[in-house]
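> Take this structure first; my questions come after.
The values are calculated or read from the model by the stated rules, or taken from the named source; none is laboratory data. Computed from a prediction, not measured in an experiment: that's the story for all the values here. Cβ coordinates were reconstructed from backbone atoms using ideal geometry, including for glycine residues, and neighbour counts include every protein chain displayed. Areas reflect the complete protein model, heavy atoms only, side chains present, ligands, DNA and RNA absent. Shrake-Rupley method; radii C 1.70, N 1.55, O 1.52, S 1.80 Å.
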Amino acid sequence: MPVATRETSDARVIAHLDMDCFYVQVEQRKQPNLRGLPTAVIQYNSYKGGALIAVSYEARKYGVKRSMRGDEAQEVCPQIQLVQVPVARGKADLNTYRNAGSEVVSVLARKGRCERASIDEVYIDLTEAAEAMLKEAPPENLDDIHEEVLKSHVLGFIVEDENDTKKEVRKWLCRSDADYHDKLLACGAIIVADLRMQVLKETEFSCSAGIAHNKMLAKLASAMNKPAQQTIVPRSSVKGLLESFPIKKMKQLGGKLGSSLQSDLGVNTVGELLKFSEEKLQQRYGINTGTWLWNIARGISGEEVEGRLLPKSHGSGKNFPGPQALKTISLVQHWLNRLCEELSERLQSDLDQNKRIARTLTLHARAYKGGDSDSHKNFPSKSCPLRYGTAKIQEDAINLFQAGLREYIGFYNNKSLGSQSNRWGITSLSVAASKMVTIPSGTHSIVKYFGGQLQPSSSLKQTPESVIHEAAPSSPSGGESCLGLNSYESQLGYPEEDTRMKYLRASFGQQVDQSKGDDLTEESSLLSPQAIENGTAEKEPQPSFPVEEPRHIHAVPTLKTVVKKNTAKEKGNCSILKFFKNHHDHCTSVKQHATNGQGSESNYHSDSTINNQVESLKETNHEAIGTDNGESSASHEAGEGRASWSYRMEEIDPSVVDELPPEIQLEVRAWFRPLKRPNVVKRGSIITHYFSTNKD
Ligand code: DCP
């Protein structure tokens, strides 16, 4: 949904830079002999010569378009050079292009706050740089202005004699009587031209740019004069620019909202919106969208350049055109597995390089059913909290697909699968990881520690309650307000609903009854769309989930006491205590003790792995624990062939706690404090230090 943001009263200088025929340029850098030739990059899929995804400007002159396939392009331009995208896992591998985009961003980021808007687009806030230039070296004082700056297009500035364009542009840039806004834009234009030349020098890529007072106008302008040119949008030209600008071409108006403006209000250009009052637009489209529409009609947008050099999300997709459409679940699964493998690799490298994790997994598909050629528009996108680990992502993705398919086909009984009207084919599949969050510094090692050791679960299915609509990808259990914890929960591979408890289990060796999901039948193996839609999915049968073994439940007297003592400190939705409160009455035993029973491994792989991690930590220090406490904190239970262990509250490593999100630290620390038992452990040993409660 568009968000109305008020424009600040201060003049800003924002540039939008967009690479020219980007994939082609990347390929031409690899093969310089292609430079200057009509060239296009084609998709991996060779159907009808492969889909064109990037077309050089030389090829465009012959009428080659991106909508064409290779065969058609060769018909209109026989000499066209077709280069196939790099391939991995039977699909396009875009890493080369992504890395090339990163090279560009790193050049631009030297000059101002950058927001990487897509693989080849960047916004940059040049306000400070322009202000500094205006103060120290205003254009009117410059002896020499680079040719590249003089080639700028100034919207609304009419040059009488085309031969004098550069001279006229110089005059416009250097006007001493110009208003402050235009002077800043003139400085912005000089800076942007310089940046574009720098990008060309360092990366060999050319780009085009728009320079304006906000992101919206800068973006519109960058596409106006391509390739390798720049366009300035003075305030005085905004009305003229928007007057004739097609409404459907405006960002966020390409879909239903734009169509409604056309059909319901008869608005075909942005300028035509000026006829409507803000109230009228609000009545029709709601307060926020109404105001946003009122603003864009006037070229107003206060949206900030976000300061983000990394992509907002990761995605991996593939098209299956014509006869290649996927018609069975097993084929879909095959391809989803490949897509998820790639996604998982990229998430892992983002985590390693940038310390970021993604919180939401979304599946998109296009499909047809029966003879309905329009039905591909309606395959619902589905999202759920993202669990790390390739197998988990694969498992969740197929479940999301099944949930979407169920809704798409609109039936609830597998018996109808074979009927003609319910035949379907998938023509496009993609998985995306979004809601990226940076792990606060200091938490890296714990995430690595858990992440590195978590094995993919083979049987823990995406629970229905965690399948959510694309439109509302936040957690149904209030995940949004628990950002820190949920991020880690996702990272640790827990389904969101259970995470807090599992976190506690990992930390405190506690186990919880998790017997739901028993007695499920094959027939209910797809989730009910109604349940998902209404947020009541947890009431639905949970299909083909492995039967979970009831868990032994061992409560901790000390923990219980502490929980009671600290209830007053509970605050916000993130509270572990609050969550714990909902569950602790299930706890029956009086010993803090964790036992992984037979058969629980597959269902609780994640937390049992963590248990084992804690165990291995403890084993390293086993001697010290045994010596100091007279009670082994790590033990192997004979007969089960599985490790189990028990330990005390005071044995929890405060340094591990240090690495948790701040709000969790506070709560866990509150639990530690009453348990201080000075002199119980021997000072000086590693484990004493490790588990010491006196450190905080
Ligand atoms: N791309 C793609 N599939 C599409 C559209 C684009 O794979 N349907 C890729 C190839 C493009 C790159 O993204 O090179 C950037 O897309 P742009 O829309 O910015 O187009 P180009 O950079 O190719 O050309 P232009 O100079 O018109 O921006």
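> Give me the residue from segment 31-56 that is modelled with pLDDT of 95 or more and more than 13 Å from the ligand (Cβ to nearest atom) and, out of that set, surrounded by the most Cβ atoms within 10 Å (Cβ to Cβ).
Among those residues, the one meeting the criterion is P38.
> While we're looking at this one, here's another question. Residues in segment 127-147: is at least one surrounded by 15 or more Cβ atoms within 10 Å (Cβ to Cβ) and within 16 Å of the ligand (Cβ to nearest atom)?
There is no residue in segment 127-147 that is surrounded by 15 or more Cβ atoms within 10 Å (Cβ to Cβ) and within 16 Å of the ligand (Cβ to nearest atom).
> Picking from L195, L217, L200, which residue would you name as being closer than 29 Å to Q25 by Cα, modelled with pLDDT of 95 or more and within 16 Å of the ligand (Cβ to nearest atom)? Step through it out loud before you land on a result.
On the way: L195 fails: within 16 Å of the ligand (Cβ to nearest atom); L217 fails: within 16 Å of the ligand (Cβ to nearest atom).
After applying the criteria, what remains is L200.
> Looking at K226, is it in contact with a Lys or Arg (Cβ under 7 Å, 6 or more places away or on another chain) and either at pLDDT 95 or above or more than 16 Å from the ligand (Cβ to nearest atom) (or both)?
On the way: in contact with a Lys or Arg (Cβ under 7 Å, 6 or more places away or on another chain): no; either at pLDDT 95 or above or more than 16 Å from the ligand (Cβ to nearest atom) (or both): yes.
Against the criterion (in contact with a Lys or Arg (Cβ under 7 Å, 6 or more places away or on another chain) and either at pLDDT 95 or above or more than 16 Å from the ligand (Cβ to nearest atom) (or both)), K226 does not qualify.
> OK, next. When both residues are 6+ apart or on different chains and their Cβ atoms are under 7 Å apart, which pairs have a first residue that lies in segment 207-227 and is under 16 Å from C21 (Cα atoms), and a second that is within 12 Å of the ligand (Cβ to nearest atom) and in a helix (DSSP H, G or I)?
S208/S222; A209/S222; P227/Y57
> Next question. Filter segment 1-30 for residues that are within 16 Å of the ligand (Cβ to nearest atom) and surrounded by fewer than 18 Cβ atoms within 10 Å (Cβ to Cβ); which is farthest from Q198 (Cα to Cα)? Lay out the reasoning, then the answer.
Initially, segment 1-30 is screened for residues within 16 Å of the ligand (Cβ to nearest atom), giving 15-30.
Going one step further and asking which of them are surrounded by fewer than 18 Cβ atoms within 10 Å (Cβ to Cβ), we end up with 29-30.
Values: R29: 16, K30: 20 Å.
Per the criteria, the residue is K30.
> Shifting gears a bit: Hey, does segment 87-108 have a residue that's at negative phi, open to solvent by 20 Å² or more (accessible area, probe 1.4 Å), aliphatic (A, V, I, L, M) and at pLDDT 95 or above?
Here is the first cut: in segment 87-108, the residues at negative phi are 87-88, 91-108.
Restricting the remaining residues to those that are open to solvent by 20 Å² or more (accessible area, probe 1.4 Å) gives 87-88, 93-96, 98-99, 102-103, 106.
With aliphatic (A, V, I, L, M) added as a condition, the list becomes 87-88, 94.
Checking which are at pLDDT 95 or above leaves us with none.
No, segment 87-108 contains no residue that is at negative phi, open to solvent by 20 Å² or more (accessible area, probe 1.4 Å), aliphatic (A, V, I, L, M) and at pLDDT 95 or above.
> Could you tell me whether L253 is touching a helix residue (DSSP H, G or I) at 6+ places or on another chain (Cβ under 7 Å) and part of a helix (DSSP H, G or I)? Walk me through it before giving the result.
Details: touching a helix residue (DSSP H, G or I) at 6+ places or on another chain (Cβ under 7 Å): yes; part of a helix (DSSP H, G or I): no.
Here the answer is no, as L253 does not meet what is asked.
Residues checked against (1) outside the structural domain of Y180 (by TED's automatic domain parsing); (2) in contact (Cβ under 8 Å) with a residue 40 or more places away in the chain:
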{"site": "R12", "(1), (2)": "no, yes"}
{"site": "E27", "(1), (2)": "yes, yes"}
{"site": "S46", "(1), (2)": "yes, no"}
{"site": "K61", "(1), (2)": "yes, no"}
{"site": "V76", "(1), (2)": "yes, no"}
{"site": "P86", "(1), (2)": "yes, no"}
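> Given the criterion closer than 21 Å to E303 by Cα and open to solvent by less than 10 Å² (accessible area, probe 1.4 Å), identify the matching residue among L241, L261, L257, L217.
Values: L241 fails: open to solvent by less than 10 Å² (accessible area, probe 1.4 Å); L261 fails: closer than 21 Å to E303 by Cα; L257 fails: open to solvent by less than 10 Å² (accessible area, probe 1.4 Å).
The unique qualifying residue is L217.
> Report every pair of residues separated by at least 6 positions or lying on different chains whose Cβ atoms are under 9 Å apart, first residue within segment 168-180 and assigned by TED's automatic domain parsing to the domain that holds F157 and free of Cβ contacts under 8 Å to residues at least 24 places away in the same chain, second surrounded by 13 or more Cβ atoms within 10 Å (Cβ to Cβ) and of a type in the set (D, E).
W172/D182; A178/E140
> Taking the conditions exactly as written (of a type outside the set (D, E), more than 10 Å from the ligand (Cβ to nearest atom) and either under 28 Å from E103 (Cβ atoms) or within 28 Å of the chain's Cα centre (by Cα) (or both)), does A59 satisfy them or not?
Against the criterion (of a type outside the set (D, E), more than 10 Å from the ligand (Cβ to nearest atom) and either under 28 Å from E103 (Cβ atoms) or within 28 Å of the chain's Cα centre (by Cα) (or both)), A59 qualifies.
> Inspect segment 25-39 for any residue being among the hydrophobic types (A, V, I, L, M, F, W, C) and touching a Gly at 6+ places or on another chain (Cβ under 8 Å) and give the result as yes or no.
Applying the first criterion (among the hydrophobic types (A, V, I, L, M, F, W, C)) to segment 25-39 yields 26, 34, 37.
Filter once more, keeping what is touching a Gly at 6+ places or on another chain (Cβ under 8 Å): none.
Within segment 25-39, not a single residue is among the hydrophobic types (A, V, I, L, M, F, W, C) and touching a Gly at 6+ places or on another chain (Cβ under 8 Å).
> So which of R110, R69, R89 ends up being more than 16 Å from the ligand (Cβ to nearest atom), over 30 Å from A218 (Cβ atoms) and touching a Leu at 6+ places or on another chain (Cβ under 9 Å)? Even if it seems obvious, please write down each step before you answer.
Working: R110 fails: over 30 Å from A218 (Cβ atoms); R69 fails: more than 16 Å from the ligand (Cβ to nearest atom).
Residue meeting the stated conditions: R89.
> How many residues does segment 10-48 contain that are closer than 20 Å to L217 by Cβ and of a type outside the set (D, E, K, R)?
Of the residues in segment 10-48, 7 are closer than 20 Å to L217 by Cβ and of a type outside the set (D, E, K, R).
> Can you tell me which of E140, E160 is touching a residue at least 24 places away in the same chain (Cβ under 8 Å) and more than 21 Å from the chain's Cα centre (by Cα)?
Selected residue: E140, the only one of E140, E160 that is touching a residue at least 24 places away in the same chain (Cβ under 8 Å) and more than 21 Å from the chain's Cα centre (by Cα).
> Mind checking whether some residue in segment 157-172 is among the polar types (S, T, N, Q) and open to solvent by 20 Å² or more (accessible area, probe 1.4 Å)? If you could, list the steps in order and put the result at the bottom.
Residues of segment 157-172 among the polar types (S, T, N, Q): 163, 165.
So of that shortlist, the ones also open to solvent by 20 Å² or more (accessible area, probe 1.4 Å) come out as 163, 165.
Yes.
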